[in-house]
1. Read phi for every residue in the stretch B:77-83 and hand back ³J(HN,Hα) as whole Hz from Karplus 6.51 cos²θ - 1.76 cosθ + 1.60, θ = phi - 60°, with x for Gly and Pro.
2. Just check the stretch A:3-154 against the gyration tensor rule for me: Cα atoms, a ≥ b ≥ c as the square roots of the eigenvalues, rounded for a/c under 1.5, and otherwise prolate or oblate depending on whether a/b exceeds b/c.
3. Just check the stretch A:66-158 against the gyration tensor rule for me: Cα atoms, a ≥ b ≥ c as the square roots of the eigenvalues, rounded for a/c under 1.5, and otherwise prolate or oblate depending on whether a/b exceeds b/c.
4. At 7 Å along the Cα-to-beta-carbon direction for both B:D81 and A:R108, put a label point, then send me their distance in nm to one decimal.
5. Ignoring ligands and nucleic acids, what accessible area does B:K100 show with a 1.4 Å probe (Å², nearest 10)?
6. Between beta-carbons, use under 11 Å as the cut-off and find the net charge around B:K67, counting Lys and Arg +1, Asp and Glu -1.
7. Once you've got the GNM for chain B with C-alpha springs shorter than 10 Å, pick whichever of B:S59, B:S143, B:S32 has the biggest mean-square fluctuation.
8. Can you check how the C-alpha radius of gyration of the protein assembly as shown compares to 2.2 N^0.38 Å, as a plain ratio?
Protein chains: 2
Amino acid sequence: MEKYIKPFVDVTENVFAEFIGAKLEVGNPYFSKAEAISEWDISAVIGLTGEANGAVVVSMRSALAEKLTEKLTGKPHTSIDGEVVDAVGEIVNIIAGNAKKGLEEAFRLIISLPTIIQGQNHQIKWPSEQTRVICIPFTIYGSEVFTLSVAIEAARNR
Amino acid sequence: MEKYIKPFVDVTENVFAEFIGAKLEVGNPYFSKAEAISEWDISAVIGLTGEANGAVVVSMRSALAEKLTEKLTGKPHTSIDGEVVDAVGEIVNIIAGNAKKGLEEAFRLIISLPTIIQGQNHQIKWPSEQTRVICIPFTIYGSEVFTLSVAIEAARNR
């Protein structure tokens, strides 16, 4: 596993343990290409700048997003309403914010505001010339999956 | 129009004039809420950090994305292939990069790597507590539309 990926895996496990009360199984990270194959219902994107440039994306199906929001708010959710949008945005925000701390010895990062995408069967893609993107699949509740995608390249003057 | 929005409008008009050879009609900017109503086929998101935090998103339908890519590459495109993904990512990259220069007197910004979302009828949303987002609708070729969404808030220690 690439050195800079480990902090993202660690904080994701910790965030889900602390806020959702769920243990994650970590799948094998894989390099993503412009030809994405996974389809999702909701994704939250956050940009990274500072001593490296990049982006972090959390993607999942609506059923899982609704279940996680129920854990966070204490109320059932049956569609991707405003609270589900907020919850998924907050999850990527906390993961990126905590990973930033874990990476401080390697490089100082700054995170942008999150943007949330909702739409059945959307895909997350990256420019083909971009520094490679690593996708980390996680399994929760035995069979539900989500991915954390991390793109990082050395900072240019952007 | 909010002061910081004008540089985004100006550079978008210039970028389309220079790279696409098309004149844009600028619609009335509106404030976006978590309940987005427009549906898109492809969006490109870029994060902003520095003396302000935010995000810039360009969203359009596939027909327009394919037409713009044809203008840029000289080859026809009939689906959202890798070149279309690259083209839309590059459009948001150039707009954010040029707007950054126009905003330097107000605040210094740094832009992240772009992430591209593909999926029929997806929506772009924002956390409800977030500083307001301004969407600027543009019309091109007489009837086709795309939007530029800009979220900016004063920088916290992110």
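1. Per residue, the Karplus-derived 3J(HN,Hα) values read 10, 10, 8, 7, 8, x, 5 Hz.
2. Details: a/c = 1.62, a/b = 1.35, b/c = 1.19.
The shape class here is prolate.
3. Details: a/c = 1.98, a/b = 1.65, b/c = 1.20.
The shape class here is prolate.
4. 4.5 nm
5. 30 Å²
6. On the way: positive: B:R61, B:K71; negative: B:E66, B:E70, B:E144.
Result for the local shell: -1.
7. Answer for the Gaussian network model of chain B: B:S143.
8. On the way: Rg = 18.4 Å, N = 316, 2.2 N^0.38 = 19.6 Å.
Relative to the 2.2 N^0.38 Å estimate, the protein assembly as shown comes out at 0.94.
The values are calculated or read from the model by the stated rules, or taken from the named source; none is laboratory data. Since we're looking at a predicted model, the values are computed, not measured. Using ideal geometry, Cβ is built from the backbone for each residue, glycine included, and neighbour counts are taken over all protein chains shown. For the accessible areas, the whole protein counts, side chains as well, though only heavy atoms, and no ligand, DNA or RNA atoms are used. Shrake-Rupley method; radii C 1.70, N 1.55, O 1.52, S 1.80 Å.
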